[in-house]
Amino acid sequence: MSGNQPAKIDSLNPNSAIKGVALDVKISGSGFDEGSFVFFGDADVYIKTTFVSDQVLVAHLTNLVTASSGTYSIKVHTGKGDLTNSVEFAVTP
């Protein structure tokens, strides 16, 4: 990736969860770095994140994060200070 392109999210796998169930979400995109972390929802809840590569992160969603059903945004904040686009994540009853 060239240095002037912002980080971005292309997809989430899975892109939904059952209410109250913990799970790992693979975030695919570009521009990620070892300092990247994930924000979940409008309140920007910090999510524990594992760096796999500059194109893959894994967000570890706890049962507390998925405690309420609804549609939430997921975005990545990189160690360089970039903030990605938001991608929707659904929590179903």
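For S69 and L23 in one chain, what is 0.36 nm times their gap in residues minus the Cα-Cα distance, to one decimal in nm?
Taking S69 through L23 to full extension adds about 15.1 nm, to one decimal.
Would you list which lysines come within 27 Å of K19, measuring only between C-alpha atoms, while excluding same-chain residues fewer than 8 positions from it?
K8, K48, K75
Could you check how much of the accessible area of the chain is carbon and sulfur, as a whole percent, using a 1.4 Å probe?
Answer for the chain: carbon and sulfur cover 50 percent of the accessible area.
In whole Hz, with x marking every Gly and Pro, tabulate ³J(HN,Hα) for segment 49-61 from phi via Karplus 6.51 cos²θ - 1.76 cosθ + 1.60, θ = phi - 60°.
Values, residue by residue: 9, 10, 7, 9, 7, 5, 10, 9, 10, 10, 9, 9, 7 Hz.
Tell me, what is the per residue accessible area of the chain in Å², probe radius 1.4 Å?
55 Å²
Put a dot 7 Å past each Cα toward the Cβ at D33 and F51; how far apart are the dots in nm?
Result: 0.8 nm between the two label points.
Please work out which option in (i) 25; (ii) 39; (iii) 20 gives percent of Cα pairs over 22 Å apart calculated from these coordinates, and answer with its label.
Correct label is (iii).
Let me check I've understood the local charge: for G79, count other residues with C-beta under 14 angstrom from its C-beta, Lys and Arg +1, Asp and Glu -1. What total comes out?
That works out to -3.
Which net charge results for the neighbourhood of S30, defined as the other residues with beta-carbon distances under 10 angstrom from its beta-carbon, given Lys and Arg at +1 and Asp and Glu at -1?
The answer is -1.
The values are calculated or read from the model by the stated rules, or taken from the named source; none is laboratory data. Small disclaimer: the values here were computed from a predicted structure and weren't measured. We place every Cβ from the backbone using ideal geometry, glycine too, and count neighbours over all the protein chains shown. Heads up: the accessible areas ignore ligands, DNA and RNA and are worked out on the full protein's heavy atoms, side chains in. Shrake-Rupley method; radii C 1.70, N 1.55, O 1.52, S 1.80 Å.
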